[in-house]
1. Report, by residue number, each residue of region 62-83 that is within 23 Å of residue 109 (Cβ to Cβ) and either surrounded by 18 or more Cβ atoms within 10 Å (Cβ to Cβ) or at pLDDT below 95 (or both).
2. If residue 30 meets every condition in (1) at pLDDT 95 or above; (2) within 23 Å of residue 119 (Cα to Cα) apart from one, which number is that one?
3. Would you please name the residue that is farthest from residue 21 (Cα to Cα), looking only at residues in region 84-129 that are surrounded by fewer than 14 Cβ atoms within 10 Å (Cβ to Cβ) and touching a residue at least 60 places away in the same chain (Cβ under 8 Å)?
4. More than 23 Å from residue 168 (Cα to Cα), part of a loop (DSSP other than H, G, I, E, B), out of contact with any strand residue (DSSP E or B) (no Cβ under 7 Å at 6 or more places or on another chain) and modelled with pLDDT of 95 or more: is that true of residue 35 in this structure?
5. Being over 30 Å from residue 125 (Cα atoms) and either modelled with pLDDT of 95 or more or crowded, with 19+ Cβ neighbours inside 10 Å (or both): is that true of residue 20 here?
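The values are calculated or read from the model by the stated rules, or taken from the named source; none is laboratory data. All figures in this text were calculated on a predicted structure; none of them were measured in a lab. Neighbour counts are summed over all protein chains in view; Cβ atoms, including those assigned to glycine, are modelled from backbone coordinates with ideal geometry.
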């Protein structure tokens, strides 16, 4: 098995998703297209549709990571975050996202769904230069994960020209995140805040393996 085989299978299966859904039918149809046995297809994607959805999501994250490295957005930090969130949307097809969301919404896939959004938030923060190592590492990713989740839902229902309403929605949400970060910064400067923070959250550190929440990759 090679990564190239898996990548070819992923793309072949995605071609069938609009007709079959993000499921094992699409996976096996893609395997037939490239001459891969059903057994080997299941080895590549043992979780079926959930595995396909995860692979598609992570492929877009990889493209986002490359974009942030090669052509990082400029301007105010809140604008850079907003642009990164928007660019991530441009890397995926709405129809495939809907199909992936349908399978990831199943109860057995809830942990995977949360992990995938978390990974996207981490990709953005790291790509924009975040070096936090304490509780801020978690709070930044948690707040941005909430923004990303809400934005995707809004974007899927947005029929405005060039998705301008989605751009406006992102701006409003990012403004909320920036206000939250500003409030945290101000509170941290209050007398006694540092010692209180150490007592309450001093044990929290960014993990060595930042693929959170959860560790297993599909």
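1. Answer for region 62-83, where residues must be within 23 Å of residue 109 (Cβ to Cβ) and either surrounded by 18 or more Cβ atoms within 10 Å (Cβ to Cβ) or at pLDDT below 95 (or both): just 64.
2. In the conditions (1) at pLDDT 95 or above; (2) within 23 Å of residue 119 (Cα to Cα), residue 30 misses (2) alone.
3. By that ranking, first place goes to 111.
4. Details: more than 23 Å from residue 168 (Cα to Cα): yes; part of a loop (DSSP other than H, G, I, E, B): yes; out of contact with any strand residue (DSSP E or B) (no Cβ under 7 Å at 6 or more places or on another chain): yes; modelled with pLDDT of 95 or more: yes.
Yes; evaluated as a whole, the condition is true for this residue.
5. Details: over 30 Å from residue 125 (Cα atoms): yes; either modelled with pLDDT of 95 or more or crowded, with 19+ Cβ neighbours inside 10 Å (or both): yes.
Yes.
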